[in-house]
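Chemist: Sharing a structure with you now.
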Amino acid sequence: MNGRRKLFVWIFAGLILLTGNVLIYGKEQVIANGRTVYLRLAPVDPRSLVQGDYMALRYAHPFSFEIPDSGSLVVRLDERDIGSIVRIHDPGVALGSDEHLMRFRRGQGFRAVDIGAQSFFFEEGTGSRYAAAAYGELRLASDGAVVLVALRDSQLNLLGDVYR
């Protein structure tokens with residue numbers, strides 16, 4: 001390889017590493033500073049022969065409205081921070097004091113929407129620990145991004161560990 005080609009390879013590799021680290025930093029900031037929100041889960045098969053033990057997540061939300069390709073959902077929180085998706089956000093409509101935005105894009109397959117927290121991986125052989133999962137514990141950033149940090153049972157008791 002000549003000198004210019006080597007330089008190009010090093011610059012390209014550096015950009016890939018920089019991009020990855022920026023994305024990781026952004027997720028870590030959501031985890032550290034995001035608002036805790038619990039969303040009710042709908043049951044899905046928790047096995048994958050290729051990926052190992054994991055739970056594919058589907059959130060229980062009865063959509064009675066048309067879903068665009070992407071946008072923000074309005075999530076209303078109760079006193080226990082359990083979220084209910086109430087509508088697609090219209091920028092001309094103000095949010096209530098108990099409402100927050102959650103970004104989404106149209107899902108595929110059994111998912112009506114994809115909020116970016118669609119699977120929960122766990123250590124092989126520990127799947128029974130998560131069988132009682134009824135809620136996903138999410139951290140919600142002010143810009144609507146979410147990160148899944150744990151699974152909870154129907155009484156919001158922690159199943160396994162919380163990602164911090």
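Values quoted throughout were computed directly from the atomic coordinates according to the rules given, and no laboratory measurement underlies them. Keep in mind it's a predicted model, so treat the numbers as computed, not measured. We place every Cβ from the backbone using ideal geometry, glycine too, and count neighbours over all the protein chains shown.
Chemist: Any chance you could tell me what percent of the C-alpha pair distances in the chain go past 19 Å?
Modeler: Working: 8194 of 13366 pairs.
Here the long-distance tail beyond 19 Å is 61 percent of all Cα pairs in the chain.
Chemist: To continue, here is another question. Charges at C-beta only: +1 for Lys and Arg, -1 for Asp and Glu. How large is the resulting dipole of the chain about its Cα centre, in Debye rounded to 20?
Modeler: My answer is approximately 680 debye.
Chemist: Hey, another quick one. Can you tell me the FRET efficiency between D78 and T126 if r is taken as the Cβ-Cβ distance and R0 is 45 Å, rounded to the nearest 0.05?
Modeler: Result of the calculation: an efficiency of 0.90.
Chemist: What does the highest-first list of 84-91, 68-75 look like by mean Cβ count within 10 Å? Can you show the working numbers first?
Modeler: Details: 84-91: 14.9, 68-75: 16.5.
Ranking the peptides 84-91, 68-75 by packing returns 68-75, 84-91.
Chemist: Please give the contour-minus-distance gain from R4 to I88: 0.36 nm per residue of separation, less the Cα-Cα distance, rounded to one decimal in nm.
Modeler: Gain on stretching R4 to I88: 25.2 nm.
Chemist: For the chain, take the longest principal axis of its alpha carbons; what is the angle in degrees between that and the long axis of helix 3-33, to the nearest 10 within 0 to 90?
Modeler: Taking Cα atoms only, the helix is inclined about 20 degrees.
Chemist: Quick one: length gained pulling D161 to I16 fully straight, 0.36 nm per residue minus the C-alpha distance? Show your work: numbers first, answer last.
Modeler: On the way: separation 145, 0.36 × 145 = 52.20 nm, distance 3.06 nm.
Between D161 and I16, full extension yields 49.1 nm more.
Chemist: Just need the relative contact order of the chain here, percent rounded to a whole number, with Cα pairs under 8 Å and 6+ apart.
Modeler: Numbers: 276 pairs, mean separation 39.1, N = 164.
RCO, the chain: 24 percent.
Chemist: Additional query: Excluding the sites themselves, what is the longest stretch of the chain that contains no chymotrypsin sites (Phe, Trp or Tyr not before Pro) in a DSSP loop with at most 12 other C-beta atoms within 10 Å? Write down the numbers at each step before the final one.
Modeler: Working: sites that count: F63, F65, F110.
The segment 1-62 is the longest one with no such site.
Chemist: Return a whole-number percent for the relative contact order of the stretch 90-160, with Cα pairs under 8 Å and 6 or more residues apart as the contact set.
Modeler: Relative contact order for the stretch 90-160 comes out at 27 percent.
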